[in-house]
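The values are calculated or read from the model by the stated rules, or taken from the named source; none is laboratory data. Model, not experiment: these values are computed from the prediction. As a convention, Cβ positions derive from the backbone with ideal geometry for all residues, glycine included, and neighbour counts pool all protein chains shown. Accessible surface is based on the protein model in full, side chains and every heavy atom, while ligands, DNA and RNA are left aside. Shrake-Rupley method; radii C 1.70, N 1.55, O 1.52, S 1.80 Å.
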Amino acid sequence: MLIELSGVSKIYNQGRANEVRALTNIDLVVEQGSMVCLKGPSGSGKSTLLAIIGCIFPPTSGRAAIADRQLARLPDRFLTLHRRETIGFIFQRFNVLPELTVLDNITLPLLPLGVPPKERKERAQQLMARFGISHRAEFPAGQISGGELQRVAIARALINNQPIILADEPTAHLDTVLSWEFMEIMQQLQAAGKTIVIASHDPLVFEHPAVERTVTIKDGRLHAS
Amino acid sequence: MALKNIEKQLNILDYALSSLWRRRAKSFSILLVFAAIIFLLASFQMVTQSLSDKAKQVLAYTPEITLQKMSAGRQEAIPLAYREQLAGIFGIRRVVPRIWGYYFDEVRLANYTVMGMELENMPEGARLDASLANGKMPGPEARGWVFVGHSIKEALNLDERYTFSLFRPDLTLKAFTVSGEFSRDTDILTNDLIVMNLADARDLYGIPAGLVTDFCVYVANPKEIDTIAKKISTALPSVRVLTRPQIQKTYQVVFGWRSGFGSICLLAALAAFVILAWDKASGLSPEERREIAILKVLGWETSDILATRFWESLIVSGLACILGMTAAYIHVVYFAASLFRPVLMGWSVLRPDLHLLPRMAAGDILLILAFTVIPYLAATVIPAWRSATVPADSALGG
C-alpha cells in the first residue's frame with residue numbers, strides 16, 4: 001500500500017481557546033495505483049486529510065505512512081522534501097500564477113530541485129504535448145481557458161513524475177464537459193500507475209466509473225461507502 | 001551536489017527576476033526612490049571627498065605658519081616691528097607681511113577677499129605664480145596691479161578691459177590693472193580673491209604704515225613647524241600662531257561638519273525608507289500569501305522563499321546603488337554638485353564654479369553600500385521570514 005493512515009487525528013491550536021478538532025481517529029488505506037474519492041461537505045475535514053496525506057503537516061496523533069515513510073515525527077523540512085518527491089497537487093481553481101506563462105507555471109516545482117532550464121523545458125514540453133496545450137506554452141496562465149488551465153494544473157502535478165496525485169475539489173469551478181474531461185485524464189493517469197486521491201463533493205467525480213472507492217468524511221470522522 | 005545548489009540558486013534568481021518583472025510598477029517605484037536616496041548620499045560623500053581633496057591640494061600654497069595679533073580675544077593689526085623679533089628664531093626661513101581683508105561691493109552685493117603681500121619676498125615653492133592660469137607677477141616696484149580669481153573677473157566684467165576701481169574707506173577710488181588670473185584648479189580658495197602689492201592693500205584699506213594684518217612665516221624644515229610655532233608663541237605671547245596643519249584640519253572639520261549635517265538629514269530619509277520597506281515586507285497582500293502557499297505545496301522550502309526575497313532585494317538594491325552612484329558621479333563631475341552647493345560652499349556670494357573630480361576609493365563605495373544596501377536587505381529579508389512561514393495548507397480549500 002502507498003498510503004496508510006491509522007488512528008489519525010488533527011487538532012488545530014491545541015490547548016488554546018480557539019482549539020479546533022478537524023479529524024478524529026481516521027483509518028484509511030489507499031493501495032498503489034488506485035483512485036479514491038474523499039466525499040463530504042465544506043468544513044468536513046477533507047482538505048485537512050488531504051494535507052496530511054500530502055505531507056503538508058503531520059497529524060496531531062496517530063500513524064501516517066506515505067510511500068513507506070512515517071510522517072508523524074518528520075520535521076517540516078523533511079516533509080517538504082518528501083512531498084517534492086512523492087506528491088503532485090491539483091488545487092481547487094487550479095491555483096496557477098496568472099502572470100507566469102503556462103511553461104513557467106508547469107516547471108515551478110522543478111526550480112528548487114536545481115533542474116537546469118533546458119531539462120525543465122523538455123519535461124514541460126512532453127507534458128504539454130501530452131495534454132494538447134503546447135501552443136499555449138508562452139501564454140500568461142491568466143489568459144487561457146478553464147479547460148486549458150486544468151491541464152496546466154495536471155501537467156504541473158506530474159512534472160516531477162510523483163507517484164501520488166492529490167486533487168482538492170478539482171471540478172468545483174468547471175462545467176460538466178470539463179469536469180468529465182478531467183476525470184478522463186485522471187483515469188489515464190491511474191492506468192499509468194499513479195495513485196490518485198480526490199477530495200470532492202461533486203457527484204460527477206465520486207460516481208465516475210474510474211473511482212474505485214469513495215469514503216465520506218463528516219465532522220472529521222470517516223464513513224466508508 | 002555543489003553544482004546542483006548553484007543550479008538551484010540560479011533557478012531561484014531567475015524566479016526572483018520574473019517576480020520583480022511581474023510586479024514591475026511596485027519594483028520600479030521602490031528602485032527609483034531607493035536610487036534617489038543613494039544618489040543624495042553618494043553625491044554628498046563624493047562632493048565632501050572632492051572638496052576636502054581640493055582644499056588639501058590648494059592649501060599647499062598657504063604659509064607654514066600664520067601670525068595674527070590678538071587683543072581682547074579679537075584680531076587686530078600686527079606691528080611690522082615684530083618681524084625683527086621673529087628674525088632671531090632659529091629655523092625660520094622667511095617672514096612675509098600680509099594685509100588680508102574683505103571688500104564688500106555694494107553694486108554687485110558681493111564680498112571679495114583681498115590679499116596684499118610682498119610677493120617677491122615669498123620663498124620658492126610658495127610663490128603664487130604657479131597657481132596663475134595666465135599673466136605674470138610684476139616687479140617689486142610696480143603698483144596698482146592685481147591677480148584675480150575667476151568669479152572676480154566675471155563679476156567685474158574684466159573680459160574686455162583690464163582695469164577697475166575699488167573704493168577706499170574715504171570713498172575715493174583706487175584704480176587697479178589685472179596682471180593675471182588664477183587657475184580654475186584653485187577656484188575653491190582663489191575664486192573670490194584679489195591679490196595685490198602690500199602697499200596697494202595698505203592704501204585701499206587705509207591701514208597705517210608699520211602695521212599689517214598678519215605675517216606669513218616659512219620654515220626651513222617643514223617637520224619643525226610645531227616646534228617653531230611654540231618658539232614664536234613663547235617669544236610673542238600676544239600673537240596667535242596658526243600652523244598649516246591646523247588650518248588644513250579646520251577645513252576638514254568645516255567640510256566634515258557640513259557633510260555630517262547633510263548626511264544626518266539624508267540618513268534620516270534613508271531610515272524612513274528602510275522602515276517603509278520593513279513595513280511593506282512584513283505585511284503580505286492576499287496575492288502574495290497565495291503565491292507563497294502555492295510554492296510551498298509545490299515543494300518549495302521556507303529557505304527557498306527567503307532566498308527568492310533575498311535575490312529580489314539584492315537586485316533592487318544593487319540596481320539602485322549602481323543607478324544612484326552613477327547619477328551622483330555625473331551630478332558631481334558634470335553639474336558641479338549643484339544641488340548641494342548652498343550647503344557646502346558657505347556664505348560667499350561669489351561661489352566658485354567648481355570642477356570636482358571625486359576620488360571614489362573602495363572604502364567609500366563600501367561605506368555607501370553599508371549605509372544603504374545592507375539596511376535594505378535586512379529590512380526586507382528579515383520580515384520575509386514571517387511571510388515565508390505562511391502555512392502551505394492555505395492554498396487548499398476548506
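Stretched out fully, how many nm does the piece from B:Glu141 to B:Arg290 gain, at 0.36 nm a residue minus the Cα gap? Provide the component values of the computation, followed by the final result.
Values: separation 149, 0.36 × 149 = 53.64 nm, distance 8.90 nm.
Working it through step by step, the gained length comes to 44.7 nm.
If r is the Cβ-Cβ distance from B:Leu339 to B:Gln85 and R0 is 41 Å, what FRET efficiency results, to the nearest 0.05? Efficiency, rounded to the nearest 0.05: 0.25. For segment A:1-149, the average shadow cast by the Cα convex hull is 10.9 nm², which is a quarter of the hull's surface.
Peptide A:82-90 is shielded by partner chain Cβ atoms: per residue, an average of 3 of them sit within 10 Å of its Cβ.
Multiplying the residue separation of B:Thr326 and B:Ile365 by 0.36 nm and subtracting their alpha-carbon distance yields 12.9 nm.
May I ask you to derive the FRET efficiency for B:Asn221 and B:Thr172 from their Cβ-Cβ distance with R0 = 51 Å, giving the value to the nearest 0.05?
Working: r = 46 Å, r/R0 = 0.90.
Working from the Cβ atoms, E equals 0.65.
Rolling a 1.4 Å probe over the protein heavy atoms gives chain A an accessible area of 42 Å² per residue. Once backbone amide H atoms are built at 1.01 Å from N, A:Arg93 has A:Ala172, A:His173 as its partners under 5 Å, excluding neighbours fewer than 5 places away on the same chain. Counting Cα-Cα pairs of segment A:153-213 in 10 Å increments starting at 0 gives whole-percent bin shares of 22, 61, 17.
Loop-located trypsin sites (Lys or Arg not before Pro) across segment A:1-81 with a Cβ neighbour count of 15 or fewer within 10 Å are A:Arg16, A:Arg73, with loop assigned by DSSP. Summed over both chains, the accessible area lost when B and A associate is about 2600 Å², using a 1.4 Å probe. Would you work out which of B:Asn5, B:Ile188, B:Ala16 lies farthest towards the positive end of the dipole of the protein assembly as shown, given +1 charges on the beta-carbon of Lys and Arg and -1 on that of Asp and Glu, about the Cα centre? Positive-most Cα among the choices belongs to B:Asn5.
For segment B:56-108 versus segment B:197-254, the spacing of their alpha-carbon centroids is 4 Å.
Taking R0 as 22 Å, what's the FRET efficiency between B:Ile6 and B:Phe28 from their Cβ-Cβ distance, rounded to 0.05? It would help to have the intermediate numbers written out before the result.
Details: r = 29 Å, r/R0 = 1.32.
It comes to 0.15.
Between the C-alpha center of segment B:1-35 and that of segment A:194-223 there is a gap of 41 Å.
Within the P(r) computed for segment B:189-235, what percentage of the Cα pairs occupies the region above 11 Å?
Values: 825 of 1081 pairs.
Tail of the P(r) past 11 Å holds 76 percent of the pairs.
About its Cα centre, the dipole of the protein assembly as shown is roughly 1020 debye, where the only charges are +1 on Lys and Arg Cβ and -1 on Asp and Glu Cβ.
In segment A:42-65, which residues give up 50 Å² or more of accessible area once the other protein chains are added, compared with their chain alone (1.4 Å probe)? Checking the loss per residue gives A:Ser47, A:Ile56. Calculated mean residue ellipticity, 222 nm, the protein assembly as shown: -14500 deg cm²/dmol, from DSSP H runs (n ≥ 4) at -39500 (n - 2.57) each, averaged per residue and rounded to 500. When nucleic acids and ligands are ignored and a 1.4 Å probe is applied, B:Val47 ends up with an accessible area of around 0 Å².
When nucleic acids and ligands are ignored and a 1.4 Å probe is applied, A:Glu99 ends up with an accessible area of around 110 Å². Relative contact order for segment B:92-219: 39 percent, from Cα pairs under 8 Å spaced at least 6 residues apart, divided by residue count. Alpha-carbon geometry of segment A:80-225: the Rg and the Dmax are 15.3, 47 Å, given in that order.
Each of B:Met122, B:Phe164, B:Phe176 was scored by the projection of its Cα onto the charge dipole of segment B:92-219, and the greatest displacement toward the positive side belongs to B:Met122; charges sit on the C-beta of Lys, Arg, Asp and Glu. The equivalent ellipsoid of the protein assembly as shown has semi-axes of 85, 24, 18 Å, largest first, where each one is the square root of 5 times an eigenvalue of the Cα gyration tensor.
Whenever you get a sec, compute what percent of the accessible area on the protein assembly as shown sits on carbon and sulfur atoms (1.4 Å probe).
Working: 16550 of 28440 Å².
Of all accessible area on the protein assembly as shown, carbon and sulfur atoms account for 58 percent.
Of the residues B:Trp300, B:Trp278, ranked by 1.4 Å probe accessible area with the largest first, the sequence reads B:Trp278, B:Trp300. Cross-linked pairs B:Lys56/B:Lys249; B:Lys56/B:Lys136; B:Lys69/B:Lys231; A:Lys194/B:Lys4: Cα-Cα separations exceed 21 Å for B:Lys56/B:Lys136; A:Lys194/B:Lys4.
Quick check: convex hull over the Cα atoms of segment B:92-219, volume per residue in Å³, rounded to an integer? Present the calculation step by step, with values, prior to reporting the outcome.
Working: hull volume 13.9 nm³, N = 128.
So the per-residue hull volume is 109 Å³.
Using a probe of 1.4 Å, the accessible surface attributed to B:Ile225 totals some 10 Å² when neighbouring protein chains are kept in position.
Rolling a 1.4 Å probe over the heavy atoms of the protein chains gives segment B:92-219 an accessible area of 43 Å² per residue. For segment A:106-124, accessible area lost to neighbouring protein chains reaches 50 Å² or more, against the chain alone with a 1.4 Å probe, at A:Leu108, A:Leu111, A:Pro112, A:Gly114. For the segment A:91-100, counting C-beta atoms of other chains within 10 Å of every residue's C-beta and taking the mean gives 5. Treating the Cα atoms of segment B:1-110 as identical point scatterers in vacuum, please give the log10 of the normalised Debye intensity I(q)/I(0) at q = 0.17 Å⁻¹, two decimals. These q points yield log10 I(q)/I(0) values of -1.08.
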